[in-house]
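Only one structure is covered here, and it is reproduced in the block below.
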Amino acid sequence: MKSIAIDCTIAKLMGIDLDSIWENYNALWMGKLIFKWRMHVMATPEQYKEKELDNCTLIKAVLMLAVCLGHCANFWTGGWFNVVTPKYQSDTLIFISKWLNSFHIYCFVLISGYLYSYNRNECGKYNVYKTFITKKTKRLILPYVFVTISFVIPIESFLYDYSLEQIIEKYVLCESPSHLWFLWMLFWLFIIIWPLTKKFSNDWMAIVISTMSYVIGTLGGLRIPNYFCIFTSLSYVPFFIIGMKLREKRNWFIRKVSLTIYCVLYIICFMAWSYFADGINSIEKIIYIGLGLVLHIIGAISIFFLLQRLANIITWEKSKLWGFLSKRSMMVYLYHQQLIYFSILWFNGLVPPFFNFLLNFGVALVGALIISSALLRFRYTRFFFNNRN
């Protein structure tokens, strides 16, 4: 009854006819959302910070789904799964792929930095470097070894007919280990960031280290083999540091910019970045790389704040669906890509591109969830995935 009284009060403030509301109490859903948003605005800094931390569980799951969606559309951009070519072209799917790829992984790395700062600076974890490395090896490299040997190499070797030399280069030296590069990238980020954490308290030092890392990571791989994705990892350092700063600084200037302005800046940068994507001369390529960094930073920050707002007005914590997906999101990432390959082989040319895209997502998501549920049922396979440190 108390919740009904609150909803009625909100309805009166909104000028809604109470007689019609009593006939259909579900019409109060908008009032409930407004009430939740007002409660969020009235929260103390400590409450807001705690809620923001909790919301990261939902955001990570959403971003993993965004990665999966991006990969489902990548086929139509060319150069991704070139075993077959698209029977029908789709500019819409090319746009969706470029749009999702402009922020999803970058925002996930930002959140990784956010959570790292919380665990180390507020919870007192990660104090011993050797123990920290051991935990991250179990969390990231152990799943890499299992999934690569049992799933990725067999399927990719069948589809691409790789030689032993190519398998060693791609998956043993990890120069281009399919979508699992993400695990190595995160692993090296943690290894690099840990000894430098105290230096990041100085904003200028953080900017210098971020810039140098990005330049070395972007240019280094052009001349030197990117073994174990070390150069890729260096190019993601700026996003990790931004995430740390967002957790540490409640009044940081980045938080004072409105979400609307971020969205406008993102659109402008996306348009400019797309314009220079086909740059021919060196100047245009440099502009494209620079715009890419700005775009990915603005995109990651925008999506972080946008998803935080959405998480504050929905009761995702009580949702069994989101609870299930959040626990399985990493395993969905580990198993989704090769399932997309088979979906493309099955449906390419049989259905319109957008339906093929949706089928790719359905096959990848359902298939990965089935695989993950099966693997987590057995103690010996569960060992490779339950290291949550």
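Tabulated data
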read-out	value
Protein-only accessible surface order, largest first, of K60, K98, K130 at 1.4 Å	K130, K98, K60
Correct option for Kirkwood radius over Cα pairs in Å [calculated from the coordinates] among (i) 23.0; (ii) 30.6; (iii) 21.8	(i)
Segment W204-K327, extension gain: residue separation times 0.36 nm, minus the distance between their alpha carbons	40.6 nm
Phi to ³J(HN,Hα) by Karplus 6.51 cos²θ - 1.76 cosθ + 1.60 over region 87-94, Hz, x for Gly, Pro	6, 10, 7, 8, 5, 4, 6, 4
Solvent accessible area, Å² - V145, 1.4 Å probe, full protein context	70 Å²
Debye, to nearest 20: dipole size of region 217-364, +1 on Lys, Arg Cβ, -1 on Asp, Glu Cβ	700 debye
DSSP-assigned coil residues among chymotrypsin sites (Phe, Trp or Tyr not before Pro) in region 72-179, each with at most 13 further Cβ atoms within 10 Å	Y88
Farthest toward positive dipole pole in region 68-140 [+1 Lys/Arg, -1 Asp/Glu at C-beta], among P86, V128, G113	V128
In nm, spacing of pseudo-spin labels at L310 and Y275 (7 Å Cα→C-beta vector)	2.9 nm
Extension reserve of the N127-L219 stretch, reckoned as 0.36 nm per residue once the Cα distance is removed	29.8 nm
Apportionment of accessible area to carbon and sulfur, the chain, percent (1.4 Å)	66 percent
Theoretical FRET efficiency, 1/(1+(r/R0)^6), r = Cβ-Cβ of V83 and L142, R0 35 Å, to 0.05	0.75
For I297, solvent-accessible area (1.4 Å; no DNA, RNA or ligand), Å²	40 Å²
Fully extended contour minus Cα-Cα distance, from I287 to K249, at 0.36 nm per residue	10.6 nm
Per-residue SASA entry for D278, accessible area with 1.4 Å probe, Å² rounded to 10	130 Å²
Sequence-distant lysines (8 or more away, or on other chains) whose Cα lies within less than 25 Å of K87	K98
Subset of K51/K199; K125/K249; K136/K320 violating a 23 Å alpha-carbon distance limit	K51/K199; K136/K320
Solvent-accessible area per residue, Å², over region 164-311 with all protein chains present [probe radius 1.4 Å]	51 Å²
Order by protection proxy (mean Cβ within 10 Å, highest first), peptides 284-291, 303-310	303-310, 284-291
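The values are calculated or read from the model by the stated rules, or taken from the named source; none is laboratory data. Please read all numbers here as calculations on a predicted model, not as lab measurements. Methodologically, a virtual Cβ is constructed for each residue, glycine included, from the backbone with ideal geometry; neighbour enumeration extends over all protein chains shown. Ligands, DNA and RNA are excluded from the accessible area calculation, which covers all protein heavy atoms including side chains. Shrake-Rupley method; radii C 1.70, N 1.55, O 1.52, S 1.80 Å.
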